[in-house]
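The values are calculated or read from the model by the stated rules, or taken from the named source; none is laboratory data. Note that the coordinates shown come from a computational prediction; the quantities given were computed from them, not determined experimentally. FYI the Cβ positions are ideal-geometry reconstructions off the backbone, even for glycines, and counts take in every protein chain you see.
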Amino acid sequence: MRLTTLFSLILLSATMALAGPRHNIVSNVDGDVNADGDVTIADVNVVIDAIMGGIIDSNCDVNHDGDITIADINALIDIILTGPQIITVDTGMYMGVIGYNQTLNTKEISLLDSTSVTEFNDFISSLTTQPGRLLYHSVDKALNDLSHAKCPENLQNVAVVTFTEGLDQGSLMMTDKYDTEAEYAAALKSRITNERVYGRSIKAYTVGLLNDGVKDATQFRNNLYSLSSDSTKAMEVSSMAEVNTKFQSIADDLVRRNMSENLTLVFPGVGTGTRIRFTFDEVEAENVENSQVYIEGTFSLKTRSLTNIVYQGMTCNAGDSVAATSVDGMFVTLVFDGIQLDSEERIVKKNIKEWYWVEDQAAWERSTEFTIDRLPDIESTYSSALVMLLLDCSSVLDENFDELQSAANSFIERMQNYNTIPGMFTVNGVSFQMVAIEGGTFTMGVDSAMVDNGVANVDELPAHEVTLEPYSIGQTEVTQELWQAVMGTNPSGFSGDLQRPVEQVSWEDCQEFIARLNAITGKSFRLPTEAEWEYAARGANKSSDYLYAGSGVLDEVAWYYNNSYVVGTDSEDYGTHAVGSKHGNEMGLYDMSGNVHEWCSDVYAPYDVEQGNADNHRVIRGGCWFSLPKDCRTTARGQESADMRFYTIGLRLAL
């Protein structure tokens, strides 16, 4: 049956247009060679074309046996007859690792998360050194693996990161396609330049440590450039410490590119052929031509679209022609998705201006009908990434190999922090979430009537306006698990559940914890200021003016005196509780009322007095598991000496 079908398909294919040149754009439909969303005769034609034309296209290797033959056509026919399988995948960071010497040791591509990071670390630890260096062969396999990887459609970054400490040794013996190393290197350079994965180009980074045994330094450097996507990504270093630094900078480069923005522009329609420019940097009429960040195109009145679009200072997924999503009277709405500014900054809506070209004046004129008030908020979207890490495991590395393994593990942990979930960080296998808080102005403290009525305390006076810049704050209090992952110890009095908040930590202990956390992550975590803490606890710009953090009913949001202390020491509810086990507030922040007091960065002082205290007392906020309701309010203040450790005081991070 299959053979008969094969002949029929081949005959039919002769009457169809053979597929033209293609880049490796993969699909999550098994057997979808041409990545059009299904498996049909068109996919068979592409494979036949590859076989007959000697085309090297790893997508055509349907059965993944390393070559393209009649067996791949048979595999496609089976899929057509039985129905293709749609492969579902999660958003996130996908990674594979290849350690190469005389053989290739491969950790297959998989989602990198708090569970699999241990598997990756174990794989790195299992690598050993041997003679040989199949550098080209390793890169070749990495590119093949990328071309077959099943990833989310929101894939933003595709990268190969290669470390080498010498020249290639032996790759020509692993293939019959090339006669010289120069041919092999040139072919790999072509693949890196031209192939696409889910429509994305491949970023290829090389880090080369030039050792004393390499006499041909010119060829060594040629390899670095041949196996990188551009000269800025070819990095020669002189020590293993520099290798670690380069790995971290590469990880940061990839992580920074994980977010794109969807921009909606609403503007008045104009005549066909009118040039329109939307600028995103701060320019005026006299220097529009000097804008470095803009979208420019030609308006078509007939199709209500912007055509011949040029993107300056940015990349965008929308393409060179964008049609209106809606028309409202004189106004046209266009949506540009997947924008990333080259500066890696975010679009500032207030800077957006529209200009149109006045032909007889040979000048740009600003559109007075365009206003940012008509624009909806800019939507941020978080994407996925696909990275192959290649590690030279040749025996010449013997004395430096443990340093390479350490650098590789640090790179993997940094990549795990790729913010596919905004604000998610992972340290030594423990993840925690930071929540972004928009800046704003709010009234901090209370009015005198609340004090007079005994509802609030005198140190909450006077009520005063505070303006804050954007910041991030921990979704939960720092857990015992996170403290232990960073510090190696757990000082808490309430043990048995590492998801409980850490306590028995002084303000000074928290400074040491934060310093170590920043050294691991490369970030600048800190304690929140008292104003930041109160603004977040109140619900920030989403505040409903609750008395407590998230509710007017304390039992809904807090572990406090009535449900955690009076129950007695024999009750399992006595003491602290796992973070996040009550309802959160308007910003999705948990336990800002109750559980444990939280250190703030401020020295305690009255609001109307400049900060300063001879006893160096620091602010604590939020109440704790044996606090009365009055002390769990969002405005309630407390203080303790900076060296105080107590089983009611913990911390929450800010960034």
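Among the residues of segment 466-488, the one identified as more than 21 Å from the chain's Cα centre (by Cα) and among the aromatic types (Phe, Trp, Tyr) is Trp483.
When the test is whether a residue is in contact with a helix residue (DSSP H, G or I) (Cβ under 8 Å, 6 or more places away or on another chain), closer than 26 Å to Phe525 by Cα and assigned by TED's automatic domain parsing to the domain that holds Ile514, Asp602 passes it. Just to check your reading of the model, which residue among Arg221, Arg256 is basic (Lys, Arg), at pLDDT below 95 and either outside the structural domain of Glu413 (by TED's automatic domain parsing) or under 29 Å from Thr521 (Cβ atoms) (or both)? Only one candidate passes the filter, namely Arg256.
Give me the strands (runs of 3 or more DSSP E) completely within segment 267-345, filtered to those with at least 1 residues that are among the hydrophobic types (A, V, I, L, M, F, W, C) and in contact with an Asp or Glu (Cβ under 8 Å, 6 or more places away or on another chain), ordered by residue number. Those strands (runs of 3 or more DSSP E) span 275-279, 305-312, 331-341.
Within segment 534-556, residues that are at negative phi have Cβ atoms under 6 Å from residues that are in a loop (DSSP other than H, G, I, E, B) and of a type in the set (Gly, Ala, Ser) in these pairs: Ala537/Ala549; Tyr546/Gly552; Tyr548/Ser593; Ala549/Ser593, counting only partners at least 6 apart in sequence or on another chain. Counting the residues of segment 545-559 that are part of a loop (DSSP other than H, G, I, E, B) and touching a strand residue (DSSP E or B) at 6+ places or on another chain (Cβ under 9 Å) gives 1. Here Asp65 does not qualify as outside the structural domain of Gly170 (by TED's automatic domain parsing), under 15 Å from Asp30 (Cβ atoms), of a type outside the set (Gly, Ala, Ser) and at pLDDT below 90. So is Ala204 under 19 Å from Gly99 (Cα atoms), at pLDDT 95 or above, of a type in the set (A, V, I, L, M) and in the same structural domain as Asp253 (by TED's automatic domain parsing) or not? Considered against the rule, which asks whether it is under 19 Å from Gly99 (Cα atoms), at pLDDT 95 or above, of a type in the set (A, V, I, L, M) and in the same structural domain as Asp253 (by TED's automatic domain parsing), Ala204 comes out as yes. What's the total number of residues in segment 426-464 that are under 16 Å from Leu589 (Cβ atoms) and either aliphatic (A, V, I, L, M) or part of a strand (DSSP E or B) (or both)? Qualifying residue count, segment 426-464: 8. Return yes or no: is Lys177 charged (D, E, K, R), over 32 Å from the mean Cα position of the chain (by Cα) and either under 26 Å from Leu397 (Cβ atoms) or in the same structural domain as Asn222 (by TED's automatic domain parsing) (or both)? Judged against the criteria, Lys177 is a match.
Listed by position, the helices (runs of 4 or more DSSP H) inside segment 131-229 whose residues that are in contact (Cβ under 8 Å) with a residue 60 or more places away in the chain number at least 3 are 135-148. For the residues Asp216, Asp230, Asp145, the requirement of being acidic (Asp, Glu) and closer than 21 Å to Thr106 by Cα singles out Asp145. Summed over segment 506-531, residues that are under 25 Å from the mean Cα position of the chain (by Cα) and assigned to a helix (DSSP H, G or I) total 9. Of Met587, Met644, all but one fail to be closer than 22 Å to Thr443 by Cα, assigned by TED's automatic domain parsing to the domain that holds Lys523 and touching a residue at least 60 places away in the same chain (Cβ under 8 Å); the exception is Met587.
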